[in-house]
Amino acid sequence: MSEPGAKPCSVLIVEDDDNFRAAFAAAIERASELTLLGAAADLRGGRDLLRRQPDVLLVDLQLPDGNGTELIREATRDNPDCDVMVVTVFGDERHVLQSIEAGATGYLLKDLPAEELVREIHVLRAGGSPISPVIARQLLSRFAVAGHLRAEAATAASSDDALSPQEERVLTLTAKGYSYDEIAGLMQLSRHTVQTYVKRMYRKLHVNSKLDAVAEARRRRLIHEE
Amino acid sequence: MRSEAGSAGERIPPRWFTLMRCWGARVMVLLGATLAAFVLGSVLFGTALSPVTTLQQAERCLLPVPSAKGTTDELLEALANPPEVIDESCWRAVALPDVSPPDPGASGIASLTIAWYRFPGLAAIPRPAGERLWMFLPRIVGGPAFAWVEGQAAPDESQRYYITSSRSMTVRAPGVPQVATQGTTLLLAIGYDREYGYSISRLKAGTPEALGYEISLRRFLREELPVVSNFVLLSLGALFFMFWLARRQEATHLLLPLAGIAWAIFNLRYSNVGPPDSNWYAWYDAALRAAINWGMWLIYLFVLRFDSYRSRTLEWLLPVLVLLVTAAQLPIYPASDYLDGVVRLASALTGVAVTAYITWRAWASGRVELKWISASLIFSSACGVHDVLMQGRVIDPEGFYWLPLSILPVYGSMMYALLRRYVAAINAAERFNDDLKRQLADQSHQLQLQHQRLRLAENQQVLLEERERLMGDMHDGLGSALTSTLVAVEQGTLRPEQIAAVLRDCVEDLRMVIDSLEPIGHDLELLLATIRHRLGSRLAAAGIELQWHTSDVPRLEWLESPQALQLMRIVQEILANIVKHARARHVAINVRHEAGAGIATAGGEAVVVISDDGAGFDARSVRAGRGLRNLRSRSELLGGSIRIDSRPGAGTRVELRLPVRSPRRR
């Protein structure tokens, strides 16, 4: 848990479902280490509240006036210290990975009980991220593809962009169904370290996707200039 | 040359016009016109140019030859030794051309005669100084002829001759006069058999330049052209023979050269070619006479190939006639006028029969090839009649024999028939090719369309199946749970936490369905990992410690979304049983791969073992039995098998076996 006397973590909720927003707000209030910065029901409201620089952003992808992914991007860009968690009903890989590429570093299932919610936020602030076996498998293939492409394009891949062997092993074991604790045991690491690996990998994916986007834009611009 | 398309409408062009459109017709007409123009022009040109004196008067004296055997050798001998002086009273004035018709009554030994001619008119021809004089007899028929000019024997080119052969004679006055003189003297002797008669044409005298043209022309038309035409016939025949060798099934190609050969043999009578000695003459003559009939029969056989109709009469009549003529010509019987007459009649009949038949078929069938053949045969017959009349000295014997040349149109029309067939065949082949190409294009297009339709149908089928599956699933799971809960809520028999539990179950179930649609990629480990990820917390909440171990399992090719969902339900059922009934403290899930032994289990099996240390159950109990049967049937639907070992108080071990390759259906 957090250190005693630390500044409480501010949380911003952007969620259009009233029930959930209310329930979540209540859970945050009950937690001593967390404070509710604000709760918005749409994208515009979320943008306004974002200027207050929350520590944690919880955002739903389906918002009435737009896609929550935009908010994730803005938050990551304007406030790099902010941890973004996307709220999803099923935790399916498509939504999760889309959000991670936009800059999210975690995801929450909508039906989580309040205590679990708070715990997840704590873990996130501590540097860890949740992951599922399917998402792990997808990450493996994404990084493998990216690695191949970089090798073909002969660009100097910094070690930051590719997966380290440790990180790859974490993903492989996750895809095989091992829990954090079991992985930690197998790799002689702490549970927390394993979770930070995951968060690091999410950041790398975000960076990779940004790089790819920039490269793509550059290429397009080049083509335009011709 | 267009037919007038009258203002009142289209007129059907006349038949000759349609005929002319055919390429073959044009070629034939062109050739014929060229030939006619050439002949006519040369004759006119020749006669216009030459200042030639034509003598139409002469004096003749007939002297019989005493002979023992009546052979031409005796004639020759008599001619070689002419009398010193001929009695003046013997000479008679005669008009030229002079013809002595055959006298059938004068047969026998005493019929050999020599006809002497002298030409007083020659003396009246002035002979300028320095000019040579030639004397030319266009035709002498009947027998050997000798000439003496100025008292000296003039050389004669042809040493051989035959009774019926005709030839021209050129006599050159010896020497070139230094001063102008008056004409020259010529004495001509012709030996003949009175039975056969003879004929002599007018005498033409003039300078070599003047006469040379006519002499060359006559020689060309009379002697060289038949040889040339024979050569053409035989060469073309050789070509078609080679065609026949390449395609034996086309007998038409063989008939053409054979007909050509037959006609070439017939034409030999017009040339100076003959058997080496007179003993062979009879056979030679027989072959010549028979050849024309064989030729006609071959032409008939040729024509048959271009017509669908066959005349039964002609089919047997022709061979009979041909064989008759051939047999009758064989020099094994004594010569007889009667036989000769029969033979000539049979020959004529053959020619007439074939020509008439072909003409009839040409107009009845309307076939262009037959029309051309029949036209050329009629022309040929006309030429034959002309030749016969000329030979019989009815017509001016100074003309030309046309029969040897008349084979060319016949041959040409037969070739034309074959060429038409070739062109038609090539056209048909090209059309066929084009048709085939078009058909192929059509069919491949059809095939493409079919493929597209098939793929579309398959896609739709897959989507349909997927939708049905999902709907079925939801109907069974979510649908019934929600509706029963609704009923209970309306009846007020459920507490809020019970409702929450049901709703949570529904969300879990929905999650499982979504999970089954996630990209598992045929990976059993990933699937079970996902199940554990979902249900792990529930086990933990029940205070159960889960021990998880997997080793590499190969892809299960049959593991698609529907099967994934089924598998998830099976495992969920097993784990739910453990949580609800087993009161276990430890659960171990083990996933491994077992290599298969033998063909039936090629690829091996994936083995999932879920064991717990709970209470176990009695397999004989009814409820357990029903549950077990459920699990068993579900596993078998996937093509696998399940084995459950349990004893009360000793825990439970569930072993699920799934094939790696396509599942065995039971």
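D by Stokes-Einstein for the protein assembly as shown, Kirkwood Rh over Cα pairs, 25 °C, 0.890 mPa s: 61 µm²/s. Once the Cβ-Cβ distance of B:Val607 and A:Arg119 is raised to the sixth power relative to R0 = 25 Å, the FRET efficiency obtained is 0.10.
When the range B:60-144 is described by a simple charge dipole with +1 on each Lys and Arg Cβ and -1 on each Asp and Glu Cβ, the residue from B:Pro120, B:Leu79, B:Pro101 located farthest towards its positive end is B:Pro120. Calculated over the range B:555-666, the projected area of the Cα convex hull averaged across directions stands at 7.1 nm².
In this simple spin-label approximation, B:Arg623 and B:Lys437 carry label points 7 Å from Cα along the Cα→Cβ vector, and these lie 8.1 nm apart. Quarter the surface of the alpha carbon convex hull of the range B:337-382 and you get the mean projected area, 3.1 square nanometres.
Within the protein assembly as shown, antiparallel bridges make up roughly 75 percent of the DSSP beta bridges whose residues both belong there.
Pairs of Cα atoms in chain A fall into 10 Å distance bins, from 0 up to the last occupied one, in shares of 8, 32, 34, 20, 6, 1 percent. Per-residue extension of 0.36 nm, minus the Cα-Cα distance of B:Ser480 and B:Ala501, leaves a gain of 6.1 nm for this segment. In a fully extended conformation the segment linking B:Leu447 and B:Trp316 would gain 41.3 nm over its present Cα-Cα distance, using 0.36 nm per residue. For A:Lys176, the lysines whose Cα comes closer than 24 Å to its Cα, not counting residues fewer than 8 places off in the same chain, are A:Lys199, A:Lys204. Average projection, convex hull of the Cα set of the range B:367-522: 19.3 square nanometres.
Taking the Cα centre of chain A as origin, work out the dipole magnitude from +1 charges on Lys and Arg Cβ and -1 charges on Asp and Glu Cβ, in debye rounded to 20.
Approximately 620 debye in magnitude.
Take each residue in A:129-138, count the other chain C-beta atoms within 10 Å of its C-beta, and the mean is 5.
Extension gain, B:Glu223-B:Gln56: 0.36 nm per intervening residue step, less the Cα-Cα distance, totals 57.6 nm.
Electrostatic tally near B:Pro409: other residues with Cβ closer than 14 Å to its Cβ, Lys and Arg +1, Asp and Glu -1, net 0.
Taking the Cβ of B:Ile544 as the center, what net charge do the other residues with Cβ under 14 Å away carry, scoring Lys and Arg +1 and Asp and Glu -1? Net of charged neighbours comes to +2.
Grab the other residues whose beta carbon is less than 13 angstrom from that of B:Arg367, score K and R as +1, D and E as -1, and report the net.
Cβ neighbours under 13 Å give a net charge of +3.
Lysines near B:Lys204 by alpha-carbon distance under 24 Å, same-chain residues fewer than 8 away left out - which ones? Cα-Cα hits under 24 Å: none found.
Between A:Arg219 and B:Gln249, the C-beta separation translates, for a Förster distance of 60 Å, into a calculated FRET efficiency of about 0.25. Would you mind pulling out the separation of the Cα centroids of the range A:170-226 and the range B:427-480, in Å? Taking the Cα centre of the range B:427-480 as reference, the centre of the range A:170-226 is 42 Å away.
How many partner chain Cβ atoms sit within 10 Å of a residue's Cβ in peptide A:169-180, on average, as a whole number? Provide the component values of the computation, followed by the final result.
Working: counts 0, 0, 0, 0, 2, 3, 6, 13, 15, 5, 7, 0.
Mean partner-chain Cβ count within 10 Å for A:169-180: 4.
For the range B:434-551, the calculated P(r) over all alpha carbon pairs, in 10 Å bins from 0 to the bin holding the longest distance, is 10, 22, 24, 17, 11, 8, 5, 3, 0 percent. Kirkwood analysis of the range A:1-120, using all unique Cα-Cα pairs, places the hydrodynamic radius at 14.1 Å. Computed over chain B, the Cα gyration tensor eigenvalues convert (square root of 5λ each) into semi-axes of 123, 27, 23 Å, ordered from largest to smallest.
Taking beta carbons within 10 Å but only from partner chains, what does the mean come to for residues B:528-535? Don't skip to the answer; put the middle values down first.
Working: counts 3, 12, 6, 2, 5, 10, 3, 0.
Per residue, the average neighbour count from other chains is 5.
Apply 1/(1 + (r/R0)^6) to the Cβ-Cβ distance of A:Glu29 and B:Thr493, taking R0 = 35 Å, and write down the FRET efficiency to the nearest 0.05.
Working: r = 34 Å, r/R0 = 0.98.
E(calc), rounded to 0.05, equals 0.55.
Helix-only mean residue ellipticity at 222 nm, chain B, DSSP H runs n ≥ 4 weighted -39,500 (n - 2.57), per residue, nearest 500. What is it? It would help to have the intermediate numbers written out before the result.
Working: 16 runs with 345 residues, N = 666.
Theoretical 222 nm ellipticity from helices: -18000 deg cm²/dmol.
Where a number appears in this text, it was derived from the coordinates with a stated rule and is not lab data. Predicted model, so just to flag it, every value in this text is computed and none were measured. As a convention, Cβ positions derive from the backbone with ideal geometry for all residues, glycine included, and neighbour counts pool all protein chains shown.
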